[in-house]
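Structure, as structure tokens:
No lab work stands behind these numbers, since they all come straight from the coordinates. Since we're looking at a predicted model, the values are computed, not measured. Reconstructed Cβ throughout: ideal geometry from the backbone, glycine too, with neighbour counts over all protein chains shown.
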Amino acid sequence: MKEFYVYVLYSEKFDRSYTGMTSNLVRRVKEHNQKMNKSTRTFVPWKLIYCEKFQNRLDARDREKYLKSGSGREFLRIILNSYIKKGSRSSTG
């Protein structure tokens, strides 16, 4: 059975995030960083900051839609703030 991933990338350089879905997470992140996606090529480099695994495409697509909604974006804002705080702590300590 094919697994699907919903993922969030973050570009520290441009303070931007991107939410997507894929069946091959490693390949997809690599494609984003190799500028193979029109909507993300301007904001390279990307770091994977969050992902969830699903057993089917439909569930993954529903979760991706949720994360792109208002309440989903609020959830991701918490994740992103946690990521940023970790990064600033490690660079000062």
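Among the listed pairs K2/K38; K13/K85; K47/K68; K2/K86; K65/K86; K2/K65, which are separated by more than 24 Å between their Cα atoms? Cα-Cα > 24 Å for K2/K38; K2/K86; K65/K86; rest within. Distance between the modelled labels on I79 and K35, one decimal in nanometres: 2.7 nm (7 Å Cα→Cβ projection).
Excluding Y83 itself, calculate the net charge of residues whose Cβ lies under 10 Å from the Cβ of Y83, where each Lys or Arg counts +1 and each Asp or Glu counts -1. Overall, the nearby charge balance is +2. I'm spelling it out carefully: the read-out is Rg and Dmax of the Cα atoms in Å, the candidates are [x] 12.3, 36; [y] 22.2, 69; [z] 13.6, 44, and one was derived from this structure. Which label? Identified label for the calculated read-out: [z]. Each of L80, L9 was scored by other Cβ atoms within 10 Å of its Cβ. Listed from fewest to most, they are L80, L9.
Each Lys and Arg contributes +1 and each Asp and Glu -1, all at the Cβ; summed about the Cα centre of the range 4-92, the dipole is approximately 220 debye.
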